[in-house]
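One structure below.
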Amino acid sequence: MTSFNYTAVNDMGRRVRGVVAADNELDLEARLKQIGLDLIAAREVRVKKSSGSSRIRLKDIIILCMHLEQLDRAGVPLHDALADVRDSSESVKLRDVLTGVYESVKNGEILSRALAAYPRVFNDVFIGLITAGEKTGNLSVSFAHLAEHLKWTAEIRRKVKKATRYPLVLLLVISAVITTLMVFVVPKLVDFIISQGFSLPWHTRALIATSYAFQHYWYLILGLPVIFFAGINVFYRMSDLFAYRMDAFILKWPLIGPVIRKIDMARFTHFFSVMFNSGIDMLDSLEAAKGVVSNRVLKESVALVKTNVTEGSSLTSSLRLSNQFPTLVIRMFKVGEDSGNMSEALENINFFYTREVNDAVEAMTGAIQPILTVVMGVLIFWVIAAVFGPLYDSFSKMKF
């Protein structure tokens, strides 16, 4: 089939543009007729697989869920709701996907199966929640839970990016300052000191050696860290054992480890809450929530929780055995189990972890920034002491 860039008109007279695969223009016109569009113009195009402009953002999926929830609550038929959302979407790629979903639903396919045909856009968790909504007959609740979960995920990503952006920029600035000092500034100062025949202390000799290394081997000094981290990334993707040990090692880091633990535990509890409140049983909710945990050590602990629950243990005792959840969180789960009101308990747990993640990210940022500032100060003090120390010693020995 060939991809066509088409311009069509819907039943309301609005123009719709998109990309659809068809055998020829006649086949394209027939396909568009099936979904209520009249073809105006079409041209053959070569669709770029990695086009950034056609990328489906998380924001697009959130808007999709919100619109489908509102239309479903208003009693709009599903295929009409899909057509409306498709026409109003700003993403060309998403419009193309929704065109295929609309065509499948209109031909009698259920929504979950129509969405499952696009696994790169709608993952297993998304399909699972839609399937639960179809079973209960309340898709609007599933769309509402999906929208809330995706907004929460987007907010967590935003906070993590905001927390890491400044330290990374400061680290790059420090690297640039070090390189500039060692390659351009220090050699001229050192040449002057040596030409005067001053006695050189150990910290001045260390500065000279460092400057020499930067001048002659800068490509190794700057390149080796890049190669090192790239190698770790490759091994992390290729070896499960290496990835597991790396995840366990990261959890032990003083500043980053606690933040990663709290973020992953927040993801688990939040998504478990979404699944459980959507009518999915506890075991399936645990299995689905395990998929949103990124650290392999913590993922293994969640799998252990599910195994213990499957064997008849209570959720509270299983969480306690995992040794990954704070006592306060386990107490909240226990209250929910004992009272039979797990939904309220999960809301309290989500509130607890949201606050914990915010505090942990702010604490990490507040600790990293002063550390990098101190590193910069020590570096500058070293250069000043190494250059002006011999000058001061020489002047103090002079007799007038």
Margin query: Any residue at all in region 104-120 that's at negative phi, β-branched (Val, Ile, Thr) and touching a residue at least 40 places away in the same chain (Cβ under 8 Å)?
Written below: no
Notebook entry, point to check: If we keep just the residues of region 135-150 that are in contact with a helix residue (DSSP H, G or I) (Cβ under 6 Å, 6 or more places away or on another chain) and of a type outside the set (A, V, I, L, M, F, W, C), which is farthest from residue 272 (Cα to Cα)?
Noted result: 140
Check: Is one or more of the residues making up region 173-188 of a type in the set (Gly, Ala, Ser), surrounded by 10 or more Cβ atoms within 10 Å (Cβ to Cβ) and under 30 Å from residue 250 (Cβ atoms)?
Finding: yes
Next item on the list: Confirm whether residue 250 is surrounded by 21 or more Cβ atoms within 10 Å (Cβ to Cβ) and under 28 Å from residue 315 (Cβ atoms).
Entry: no
Margin query: Given the criterion closer than 30 Å to residue 298 by Cα and without any contact (Cβ under 8 Å) to a residue 60 or more places away in the chain, identify the matching residue among 192, 214, 249.
Written below: 249
Checklist line | Number of positions in region 114-125 that are at pLDDT 85 or above and surrounded by 14 or more Cβ atoms within 10 Å (Cβ to Cβ) | finding: 6
Checklist line | Residues located in region 28-45, provided they are closer than 18 Å to residue 86 by Cβ and part of a strand (DSSP E or B) | finding: 38, 39, 40, 42
Margin query: Taking the conditions exactly as written (within 15 Å of residue 35 (Cβ to Cβ) and buried (at least 18 other Cβ atoms within 10 Å of the Cβ)), does residue 111 satisfy them or not?
Written below: no
Note to self: Given the condition touching a Pro at 6+ places or on another chain (Cβ under 6 Å), modelled with pLDDT of 80 or more and of a type outside the set (A, V, I, L, M, F, W, C), answer yes or no: does some residue in region 207-229 qualify?
What the structure shows: yes
Item checked: Pairs where the first residue, in region 5-16, is more than 12 Å from residue 83 (Cα to Cα) and the second is hydroxyl-bearing (Ser, Thr, Tyr) and outside any loop (DSSP other than H, G, I, E, B), C-beta under 9 Å, 6+ apart -> 15/7
Item checked: Residue list for region 266-308, restricted to those being in contact (Cβ under 8 Å) with a residue 60 or more places away in the chain, in a helix (DSSP H, G or I) and not basic (Lys, Arg) -> 266, 269, 270, 271, 272, 273, 274, 275, 276, 277, 284, 288
Next item on the list: For region 165-172, state whether one or more residues are farther than 24 Å from residue 364 by Cβ, out of contact with any helix residue (DSSP H, G or I) (no Cβ under 9 Å at 6 or more places or on another chain), in a helix (DSSP H, G or I) and at pLDDT below 80.
Entry: no
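The values are calculated or read from the model by the stated rules, or taken from the named source; none is laboratory data. Note that this is a predicted model, so its numbers are computed, not measured. For neighbour counting, all protein chains shown are included, and Cβ atoms are generated from backbone atoms with ideal geometry for every residue, glycine included.
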